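Visitor: My structure is below; once you've seen it, I'll send some questions.
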Amino acid sequence: MGRFLNKGNQKFAEFSQTKYFIDKTDMLNVLLEKDADEKFICCSRPRRFGKSVTADMMTAYFSRGVDSRSLFEPLKCAKNELFLKSMNQYDTIFVDIQAQFVEAAGTGIDPNQFIQKNVVKELQEAYPELLVDDTSLMGALSIINNETGNQFVIIFDEWDYPIRELDKNSKEQLDYIEFLRGLFKNSDAKTYIRLAYLTGILPMVRTKGQSAVNNFHEYTMIRPKDLGDFIGFTEAEAVWLCEKYHIDFQKMKEWYNGYNINGRAVYNPLSVVRAIAEDDFGQFWTDTGTYEDIGELINRNFDGLREAVIEMLSGSRIHVNVAGCRNDMHTFTDKDQVITTLIHLGYFAYDKASQEAYVPNKEIQNVFYKYMENQTGDNLSKFMKLSESIAEAVLTMDESATARLIQEVHSDFISSIEYNDENSLSCTITVALLAFFKYYHRPVREFPCGKGFADIVYLPLARHPNRPVVVVELKWNQSAQTAITQIKERAYPESLKDYSGEILLTGITYDKKTKEHQCMIERYQKEDNSSPS
């Protein structure tokens, strides 16, 4: 077994014995059924969504020279004739592209030549009688296949590292794209390749509207197709783990649910496993990276981008056109292309049915919140400071400041929300009170209570039990007093008696003629029915 050729099954064998292992081996059956025109696959997904584990699984299954029958025997994969016939029957080349580029940089060698030289050297050791002279990787594979009929499985992990991390149109990046073209698009490639599997964060890079290697079939967070069940943890798998280790599934769902793959919920594997292992919920996945990628993207000066991000953070969904993205982390022409890239990176989720992007869960919310708190001077950070002022004004019952600052939010940050009815006003209020995330759950719209439905209710987080419940009633071309009166007449506060602390009744209105907001806030102190001590 070599570093690149037929690495064997040890890594996957060790992983399959870990406590939190989720069996995804039936993905092998799906791959084996691909016909000749479908055997070039680029499967992209965010960091820590199981890319490398999948690559190790494929290496263990396909690699010639080892016997993986006992490893796969107890697992979910269907042991049909094709599966058994193909196991450990192919020379398998596995390359971690990122690792090789980093190693090459340390030696001062051109990384593309470095990769080819290393892989060809192991091929020469395996086929000394065939590969006498120096040749390219493409040439070596073609010679071996022509002389022996052997086909190859090629797996590139972190295939997009040069696209994401190197300067646009740098010599190394352009040479890498040409290396991919030469290896996978030459006339012999279909003959010497049994399966080519590239995995990374981004889909195939596009040049002039076409994929740089356009014979690859793309499987992405936007179009996962029949590989969707193998991206992350399904809800059933998350439930199984929670039950096995006695973890509160509802909290797990609040923190890590939200990605929509083929209409089904998907969870981030790293975050789920860390939450179970530490018996705690928090920001795990995003702690493995930095905020630089989102900061660079969300501060691009495209019309509507800032407003779209703010609206999504407040719980709204935004229609997005996901076509036309160049997938190179450099070339953007509008806000939709930025949002599309953030979907691929995992910071937004995408609902294919409605063609809408949204913030998937609490973990991702916290990423953006912490980014805005830690930055100074950019537009989102300015907005967060304003939102914090509004939150303070509400909690201190400063009615005039609340109305004035909400007006400022609508005028300066989300003017794209046109006021037509109470629903549009509701969007503005949830945006304005975004800073409530520190102390409250996501706002609940149309909260069932008393004799009807309160427009918006903010319930304190368990770790902030002394924060008041905030009940918001909205009115259109009516007085704020009318909103407060409705809260009382419909007995909304009575339905919230199980929540500790006081309740703030908040009426907010908008007058279409004067184009002004008004606010009225009253404290509703619940009766203390406890017996005197």
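The values are calculated or read from the model by the stated rules, or taken from the named source; none is laboratory data. Remember, predicted model here, so these are calculated numbers, not experimental data. A quick note on method: Cβ atoms are made from the backbone with ideal geometry, for glycine too, and the neighbour counts reach across all protein chains shown.
Visitor: Can you give me the number of residues within segment 374-411 that are of a type in the set (A, V, I, L, M) and in a loop (DSSP other than H, G, I, E, B)? Don't jump to the end; show me each part of the working.
Guide: First pass over segment 374-411, keeping only residues of a type in the set (A, V, I, L, M): 380, 384, 386, 390-391, 393-395, 397, 401, 403, 405-406, 409.
Filter again for in a loop (DSSP other than H, G, I, E, B), leaving 397.
Number of matching residues: 1.
Visitor: Just to confirm my filter: which helices (runs of 4 or more DSSP H) fall fully inside segment 1-84 and include at least 3 residues that are over 25 Å from ARG223 (Cβ atoms) and either in contact (Cβ under 8 Å) with a residue 12 or more places away in the chain or touching a Cys at 6+ places or on another chain (Cβ under 7 Å) (or both)?
Guide: Here the list reads 10-15, 51-62, 69-72.
Visitor: Scanning segment 339-368 for residues that are among the hydroxyl-bearing types (Ser, Thr, Tyr) and touching a Lys or Arg at 6+ places or on another chain (Cβ under 8 Å), which turns out surrounded by the fewest Cβ atoms within 10 Å (Cβ to Cβ)?
Guide: Ranking the qualifying residues of segment 339-368, first place goes to SER354.
Visitor: To continue, here is another question. Counting just the residues of segment 127-145 that are assigned to a loop (DSSP other than H, G, I, E, B) and hydroxyl-bearing (Ser, Thr, Tyr), which one comes out modelled with the lowest pLDDT?
Guide: THR135
Visitor: Go through segment 295-322 and give me each residue that's under 18 Å from THR333 (Cβ atoms), hydrophobic (A, V, I, L, M, F, W, C) and in contact with a strand residue (DSSP E or B) (Cβ under 8 Å, 6 or more places away or on another chain).
Guide: If the condition is that a residue be under 18 Å from THR333 (Cβ atoms), hydrophobic (A, V, I, L, M, F, W, C) and in contact with a strand residue (DSSP E or B) (Cβ under 8 Å, 6 or more places away or on another chain), then ALA308, ILE318, VAL320, VAL322 are the ones that fit.
Visitor: Suppose we filter ARG306, ARG300 for residues that are surrounded by 21 or more Cβ atoms within 10 Å (Cβ to Cβ), basic (Lys, Arg) and either at pLDDT 90 or above or not assigned by TED's automatic domain parsing to the domain that holds LYS253 (or both); which single one remains?
Guide: The unique qualifying residue is ARG306.
Visitor: Here's another thing I want to ask about it. Please specify each residue of segment 468-502 satisfying the condition of being part of a helix (DSSP H, G or I), of a type in the set (A, V, I, L, M) and in contact (Cβ under 8 Å) with a residue 40 or more places away in the chain. I'd like the intermediate steps shown before the answer.
Guide: Here is the first cut: in segment 468-502, the ones part of a helix (DSSP H, G or I) are 480-489, 493-496.
With the extra rule that they be of a type in the set (A, V, I, L, M), the set shrinks to 480, 483-484, 487, 496.
Residues satisfying the conditions are ALA480, LEU496.
Visitor: Right, something else. Out of all the residues in segment 478-487, which are of a type outside the set (S, T, N, Q) and exposed (fewer than 15 other Cβ atoms within 10 Å of the Cβ)? Write out each step before concluding.
Guide: From segment 478-487, those of a type outside the set (S, T, N, Q) are 480, 483-484, 487; that's our starting set.
Scanning segment 478-487 gives no hits.
Visitor: Inspect segment 436-459 for any residue being among the β-branched types (Val, Ile, Thr) and in contact (Cβ under 8 Å) with a residue 60 or more places away in the chain and give the result as yes or no.
Guide: The answer is no, given that none of the residues of segment 436-459 is among the β-branched types (Val, Ile, Thr) and in contact (Cβ under 8 Å) with a residue 60 or more places away in the chain.
Visitor: Across segment 146-188, what is the total count of residues that are part of a helix (DSSP H, G or I), aliphatic (A, V, I, L, M) and either touching a residue at least 24 places away in the same chain (Cβ under 8 Å) or surrounded by 20 or more Cβ atoms within 10 Å (Cβ to Cβ) (or both)? Let's see the steps before the verdict.
Guide: Let us first name the residues in segment 146-188 that are part of a helix (DSSP H, G or I), namely 146-148, 161-165, 171-184.
Then drop every residue that is not aliphatic (A, V, I, L, M), which leaves 163, 174, 177, 180, 183.
From the residues that got through so far, the ones that are either touching a residue at least 24 places away in the same chain (Cβ under 8 Å) or surrounded by 20 or more Cβ atoms within 10 Å (Cβ to Cβ) (or both) too are 163, 177, 180, 183.
Number of matching residues: 4.
Visitor: Related question: Test each condition in (1) hydrophobic (A, V, I, L, M, F, W, C); (2) outside any helix (DSSP H, G or I); (3) more than 27 Å from the chain's Cα centre (by Cα) for MET221 and report the one that comes out false.
Guide: So MET221 meets the others, but not (3).
Visitor: Turning to a different aspect of this structure: Looking for whichever is farther than 21 Å from CYS43 by Cα and either of a type in the set (S, T, N, Q) or outside the structural domain of LEU28 (by TED's automatic domain parsing) (or both) here; the options are ILE247, ILE261. Which one fits?
Guide: ILE247
Visitor: Do you know which of the residues in segment 236-262 that are within 27 Å of LYS34 (Cβ to Cβ) and more than 15 Å from the chain's Cα centre (by Cα) is surrounded by the most Cβ atoms within 10 Å (Cβ to Cβ)? Spell out the reasoning first.
Guide: Step one: list which residues in segment 236-262 are within 27 Å of LYS34 (Cβ to Cβ), which gives 236-237, 259-262.
Add one more test, that the residue is more than 15 Å from the chain's Cα centre (by Cα), and what stays is 236-237.
On the way: ALA236: 10, GLU237: 18.
So, considering only residues that are within 27 Å of LYS34 (Cβ to Cβ) and more than 15 Å from the chain's Cα centre (by Cα), the one surrounded by the most Cβ atoms within 10 Å (Cβ to Cβ) is GLU237.
For every residue, the table says whether it meets (1) crowded, with 21+ Cβ neighbours inside 10 Å; (2) basic (Lys, Arg); (3) within 19 Å of ARG317 (Cβ to Cβ); (4) modelled with pLDDT of 90 or more.
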{"residue": "ASN379", "(1), (2), (3), (4)": "no, no, no, no"}
{"residue": "GLU392", "(1), (2), (3), (4)": "no, no, no, yes"}
{"residue": "ILE406", "(1), (2), (3), (4)": "yes, no, no, yes"}
{"residue": "ASP412", "(1), (2), (3), (4)": "no, no, no, no"}
{"residue": "ILE417", "(1), (2), (3), (4)": "no, no, yes, no"}
{"residue": "ASN420", "(1), (2), (3), (4)": "no, no, yes, no"}
{"residue": "ALA432", "(1), (2), (3), (4)": "yes, no, yes, yes"}
{"residue": "LEU474", "(1), (2), (3), (4)": "yes, no, no, yes"}
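Visitor: Spot the failing condition for LEU505; the list is (1) surrounded by 15 or more Cβ atoms within 10 Å (Cβ to Cβ); (2) in a loop (DSSP other than H, G, I, E, B), and only one is missed.
Guide: All conditions pass for LEU505, except number (2).
Visitor: Turning to a different aspect of this structure: Cβ-Cβ below 6 Å, separation at least six or inter-chain, first residue in segment 376-398 and hydroxyl-bearing (Ser, Thr, Tyr), second in a loop (DSSP other than H, G, I, E, B) and modelled with pLDDT under 90: which pairs?
Guide: SER381/GLN375
Visitor: Sticking with this structure for a sec: Tell me, please, whether a residue that is surrounded by 21 or more Cβ atoms within 10 Å (Cβ to Cβ), within 26 Å of ASP56 (Cα to Cα) and of a type in the set (S, T, N, Q) can be found in segment 205-219.
Guide: no
Visitor: For segment 249-289, name all the residues that are hydrophobic (A, V, I, L, M, F, W, C) and within 22 Å of LYS438 (Cβ to Cβ).
Guide: Those that are hydrophobic (A, V, I, L, M, F, W, C) and within 22 Å of LYS438 (Cβ to Cβ): MET252, TRP255, ALA275, PHE281, PHE284, TRP285.
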